[in-house]
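Rule-based calculations on the coordinates, nothing more; no lab input. Bear in mind that the values here come from a model prediction, so they are computed numbers and not experimental data. Glycine gets a Cβ as well: all are built from the backbone with ideal geometry, and neighbour counts include every protein chain shown.
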Amino acid sequence: MTARLRHIDLMRGLAILFMVEAHAASTFRPVGVDDASILGVVVSSVAGLAAPLFVTISGWGLHTSVKRRAGGDFAAWMRWLGPRVVILVACQLVVNLVMSHIFDWSAPGVLTLLAIVALLSPLLARYSTPVRSALFVLLLASPSLLPDLTGVAMTWDDRVSVAGVGVWFSRLLFDGTYPLLPWLSFALLGGLLADLDETTRRRVLCLGILLSVGTMVWSATSGVNWALTSGDALLTFFPASSAFLLVAATSVLALHELTLRATLPDHGLPNWTSNLGRLSLSVYVLHFVPLAIYARMVEIPPSLSVGMVLTLVYVLLWIPVGNGWFERAGDYSLEGLLKRLTS
């Protein structure tokens with residue numbers, strides 16, 4: 001594996017760990033902890049980076065795969081693209097059924113988003129880097145330009161409920177948990193990371209840091225909350241605000257530069273996390289099962305200490321589990337199935 005691929009796998013592994021942390025923290029949420037508390041801010045910060053990182057790395061993989069297959073015939077494209085879309089949509093359905101106490105069975109989610117991104121990837125890869133950069137900026141600004149489309153006043157229950165085909169497409173495109181507009185921006189970011197040179201990436205990172213600090217200054221001087229999951233704040237996750245998209249994209253870019261330059265051993269925790277990243281889809285789907293069982297069996301929220309321990313142990317447990325799965329039975333995974341279907 002090349003150094004570039006290795007650092008991407010490491011980022012993919014971190015993304016799935018952040019995803020597990022987000023869902024575990026929600027399931028094991030202690031009594032009396034809210035988003036404004038110090039613990040709530042730390043948990044929300046990690047959780048808030050999970051999906052952006054996950055979608056960005058998926059966008060990187062799709063973009064580089066499309067470029068390698070440039071010039072292929074239609075049948076070859078369908079052999080590569082069709083199984084991906086079907087598996088992603090099927091996995092979203094499985095996740096919804098497992099987590100039926102939270103999601104409507106047909107509600108679009110992050111895997112549905114990735115399926116649509118996969119369908120769009122051959123088209124997006126045809127555009128030049130400047131055009132994709134302009135589209136990326138436009139998508140970052142879209143929540144501010146078109147706030148009514150995002151469903152600012154919607155509750156969580158509204159976003160995960162589906163009542164008809166028209167509502168399903170609305171959730172998929174505009175006002176669901178991970179709608180195409182504006183979450184396509186992170187997939188575009190992944191493709192740009194694959195194409196931009198080091199100097200350009202550093203300039204973009206510096207600009208992103210400057211603008212991100214600007215949001216903090218604005219929050220401090222205006223008295224508006226800087227970040228909340230939802231509600232009256234500059235950075236909101238549901239719906240994704242322009243400020244959130246900016247700060248999250250900057251954080252992803254910073255993490256990319258750090259992992260790219262890090263000197264990592266070929267063994268131990270970094271290698272285990274990279275191996276976990278190579279089974280990210282499988283782990284993403286599977287990690288919901290124990291959480292769903294716990295949520296159905298335990299109705300009383302844990303204490304602060306118990307909730308923290310449960311979350312930490314559950315997250316860290318997936319590192320050796322994912323590494324062992326990859327090394328001993330990696331072919332028996334969704335990634336292995338996808339490889340067989342597209343070979």
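Work the Kirkwood hydrodynamic radius out for the range 35-262: mean of 1/r over every pair of different alpha-carbon atoms, inverted, in Å.
18.4
Is it possible to state the helix-based mean residue ellipticity at 222 nm for the chain, with each DSSP H run of 4+ residues giving -39500 (n - 2.57), the sum divided by total residues, to the nearest 500 deg cm²/dmol? What is it?
-24000 deg cm²/dmol
When only Cα pairs under 8 Å and 6 or more residues apart are kept, what is the percent relative contact order across the chain?
Numbers: 442 pairs, mean separation 102.4, N = 343.
Reported relative contact order: 30 percent.
Give me the number: length gained by fully extending Val89 to Phe169, i.e. 0.36 nm times residue separation minus the C-alpha to C-alpha distance, one decimal in nm.
Gain in length upon complete extension: 27.4 nm.
Could you tell me how far the Cα centroid of the range 42-89 sits from the Cα centroid of the range 219-241, in Å?
29
Have a look at Ser274, Ser100, Ser241 and tell me which one the Gaussian network model of the chain (Cα, springs below 10 Å) gives the largest fluctuation.
Maximum fluctuation in the GNM of the chain, among the listed residues, is at Ser100.
Among Met308, Met297, Met216, determine the one that fluctuates most according to a GNM of the chain built with springs between C-alpha atoms less than 10 Å apart.
Highest fluctuation of the listed residues: Met297.
Would you mind telling me which residue in Phe136, Phe238, Phe74 has the biggest mean-square fluctuation in a Gaussian network model of the chain, where springs connect alpha carbons within a distance under 10 angstrom?
Answer for the Gaussian network model of the chain: Phe74.
Sequence gap at least 6, Cα distance under 8 Å: using those rules, report the relative contact order of the range 1-153 to the nearest whole percent.
19
Residue-wise, which Karplus ³J(HN,Hα) couplings in Hz belong to the range 64-75, taking 6.51 cos²θ - 1.76 cosθ + 1.60, θ = phi - 60°, and x for glycine or proline?
Running phi through 6.51 cos²θ - 1.76 cosθ + 1.60 with θ = phi - 60° gives 5, 5, 5, 5, 5, 9, 4, x, x, 7, 4, 4 Hz.
What is the spread of the Cα atoms of the range 139-242 along each of their three principal axes, largest first, in whole Å?
For the range 139-242, the Cα extents along the three principal axes come out at 48, 38, 19 Å.
Given R₀ = 25 Å, what would the calculated FRET efficiency be for Leu211 paired with Asp157, taking r from the Cβ atoms and rounding to 0.05?
Working: r = 33 Å, r/R0 = 1.32.
Plugging the Cβ-Cβ distance into 1/(1 + (r/R0)^6) gives 0.15.
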